[in-house]
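The values are calculated or read from the model by the stated rules, or taken from the named source; none is laboratory data. Everything numeric here is computed off the predicted structure, so don't read it as measured data. No Cβ is skipped: glycine too gets one built from the backbone with ideal geometry, and neighbour counts run over all protein chains shown. Note: accessible area is taken over every heavy atom of the protein model, side chains too, but ligands, DNA and RNA are not part of it. Shrake-Rupley method; radii C 1.70, N 1.55, O 1.52, S 1.80 Å.
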Amino acid sequence: MAASLPTAPAATPVQTPPAAAPADGGRLSLDARLAAVEAAMTVRLDEAAVAHEVRIAHIHTDPVDLADVITVPLTPTLQPPQRLPATPVAALLERARTRMEADGWCAGALTDESGAVCLLGAIRKEAGGDRGLEADAAAVVLDAIRRRFGDHVESVPAFNDAHGTGRIPLRMLDQAAGLADARGL
């Protein structure tokens, strides 16, 4: 028979004494009531959070375009290398974008009194009187706009004037330059 190890007497569990009943007839103190309400609300909020996640799990959300969110310019060391467009229309659209960034954006006119330009105004200034090049560039911009926003867009000036800031028109000049370069225009 194996020798048994000596065992210590079982320790009695430590119990905290019950809280003394309030002297005012069994009513809880304000702190005790607040703690109870906080615990109940925490449970309710946790249950609501789980229910909310279950209810929206099937909803498809589009990813956020960071170009719409981030408006701070990149530091020079983090900017991607600049590639010069190889085609005349793409180069014109790049210059128009640079002009709009430098001069500012406007709506309702090709150029306003402060010198700011709209989409077509920037293209016209950078085309230097070459109406054929200007027309090709405007056609590519309209195509880029329609690809992104749909065929209901009537014209480049109408698209430009529909915006409250120049952020989207600037992006469309950039996308149109890429499109013109890809097409060899």
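Residues of the stretch 149-160 that are over 15 Å from Leu110 (Cα atoms) and either surrounded by 13 or more Cβ atoms within 10 Å (Cβ to Cβ) or of a type outside the set (D, E, K, R) (or both): Phe149, Gly150, His152, Val153. The stretch 1-118 holds helices (runs of 4 or more DSSP H) entirely within its bounds, and those carrying 2 or more residues that are farther than 30 Å from Ala162 by Cα, open to solvent by less than 100 Å² (accessible area, probe 1.4 Å) and at pLDDT 85 or above map to 30-56. Among the residues of the stretch 139-185, those identified as outside any helix (DSSP H, G or I) and over 13 Å from Ala96 (Cβ atoms) are Gly150, Asp151, His152, Val153, Glu154, Ser155, Ala162, His163, Gly164, Thr165, Gly184, Leu185. For residues that are of a type outside the set (A, V, I, L, M) and surrounded by 14 or more Cβ atoms within 10 Å (Cβ to Cβ), scanning just the stretch 131-145, find the one that is farthest from Val89 (Cα to Cα). My answer is Asp143.
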